[in-house]
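*Asks:* The structure follows.
Every read-out reported here was derived from the displayed coordinates using simple, explicitly stated rules and does not represent laboratory data. The shown structure was predicted, so the numbers you read here are calculated from the model rather than taken from an experiment. Glycine gets a Cβ as well: all are built from the backbone with ideal geometry, and neighbour counts include every protein chain shown.
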Amino acid sequence: MTLLSSFNEDRPVTYFRGYPIYYATILTITYAIGILATFIAKASGSLEWLISWLAFEPTRSILGGRIWQIITYTLIDSPSFFTVIGLLFLYVSAVEVERYIGKARFLTLYGIMILIPVVTLSFLLFAVDYRVTYFGQRGIAIGFFIAFCTLYPGIQWGGFFTAKWVAIVSLIVASLADLSSAAWVPLAELWMTSAFSFGYIRFLQRGGELPSFWLTKSLRRRPKLRVVPRPRSRPPPAEVKENPTIEIDPLLDKISKQGLESLTLEERNALEQAREKLIEKDKKRE
């Protein structure tokens with residue numbers, strides 16, 4: 001499996017009281033705020049106003065100049081039991097996906113999943129004059145869940161079902177629900193998002209890489225190294241010897257939970273050796 005992320009991409013965006021904050025964490029918090037705002041708007045009778053300002057509708061959003069609706073349509077979602085469960089699945093799945101594929105690939109996956117309904121509805125408008133107001137975050141949650149199950153198809157849920165079969169059953173149930181209510185657009189969006197999410201992870205696992213845009217390039221930019229004079233009072237550093245017995249994944253987990261300063265000298269040396277190997281592989285690819 002060739003899917004590897006650099007050490008810099010695997011790290012959280014920041015920490016809050018020692019707890020790692022990923023882009024997936026920020027995304028989940030934002031969606032939770034959106035659900036709360038939808039509840040308040042519905043209770044106060046201003047839901048139509050909220051939909052008119054945040055939901056996506058091709059004529060209004062693109063031709064009318066409200067470009068922000070291309071992104072904000074995912075913020076509107078009525079609170080319910082399934083919405084809360086979906087938010088929980090979104091957080092667990094998205095964090096694991098981001099930690100595995102890195103920040104830049106994670107944002108690429110998220111950005112394209114957002115654009116799938118936008119492009120589809122815009123095409124239907126200009127092709128057959130089909131108009132619909134679209135909002136909700138179901139597609140995003142399912143897309144990240146499919147990506148997670150593609151990365152870890154053998155992981156077991158409840159000791160019975162593997163993630164692969166949970167994903168298949170979830171898709172069938174969601175499809176039957178859309179078919180029973182003749183929701184053709186959500187059904188098409190469900191399968192296109194799921195197919196892209198699955199295909200993108202498989203594409204990365206086979207060594208593929210989509211063209212980088214300005215944001216992903218900035219995330220992949222390696223930090224600049226600065227040479228500083230060695231203090232005379234310190235003894236010369238001990239010779240670094242490669243230690244093949246130390247595994248890298250537990251070290252990354254330790255960093256995400258306790259911070260980089262929690263590593264011992266031996267663990268830091270092992271991590272640095274792994275980072276240098278990844279840099280050499282990246283240079284060979286280029």
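*Asks:* Length gain on complete extension for the stretch Thr59 to Asp129, per 0.36 nm per residue less the alpha carbon to alpha carbon distance?
*Replies:* Working: separation 70, 0.36 × 70 = 25.20 nm, distance 1.03 nm.
Taking 0.36 nm per residue and subtracting the Cα distance, the gain is 24.2 nm.
*Asks:* Working out 0.36 nm times the residue gap between Glu276 and Val173, then minus their Cα-Cα distance, what length gain in nm do you get to one decimal?
*Replies:* Details: separation 103, 0.36 × 103 = 37.08 nm, distance 4.60 nm.
Going from the current span to full extension adds 32.5 nm.
*Asks:* Based on the Cβ-Cβ distance from Ser80 to Arg268, what FRET efficiency comes out when R0 is 30 Å, to the nearest 0.05?
*Replies:* On the way: r = 47 Å, r/R0 = 1.58.
My answer for the efficiency is 0.05.
*Asks:* Would you mind getting me the FRET efficiency between Ser181 and Phe16? Use the beta-carbon distance for r and R0 = 30 Å, nearest 0.05. Don't skip to the end; give the middle numbers.
*Replies:* Working: r = 41 Å, r/R0 = 1.36.
For R0 = 30 Å, the calculated efficiency reads 0.15.
*Asks:* Another question, if that's okay. With each pseudo-label sitting 7 Å past Cα toward Cβ, what's the Asp249-Leu88 distance in nm, one decimal?
*Replies:* Reported label-point gap for Asp249 and Leu88 is 2.5 nm.
*Asks:* Work out how much length Ala188 to Phe161 would gain on full extension: take 0.36 nm times their residue separation and subtract the Cα-Cα distance, in nm to one decimal. Don't skip to the answer; put the middle values down first.
*Replies:* Working: separation 27, 0.36 × 27 = 9.72 nm, distance 2.65 nm.
Extra length from Ala188 to Phe161 when fully extended: 7.1 nm.
*Asks:* Follow-up. When only Cα pairs under 8 Å and 6 or more residues apart are kept, what is the percent relative contact order across region 1-139? If you can, show how the numbers build up before the last one.
*Replies:* Details: 140 pairs, mean separation 46.5, N = 139.
After rounding, I find 33 percent.
*Asks:* Between region 18-85 and region 109-143, what is the separation of their alpha carbon centroids in Å?
*Replies:* Centre-to-centre (Cα) distance: 14 Å.
*Asks:* Under the classification rounded if a/c is under 1.5, otherwise prolate if a/b is larger than b/c and oblate if not, where does region 7-217 fall, given a ≥ b ≥ c as square roots of the Cα gyration tensor eigenvalues? Before the final figure, lay out the partial values.
*Replies:* Values: a/c = 1.39, a/b = 1.33, b/c = 1.04.
Verdict is rounded for region 7-217.
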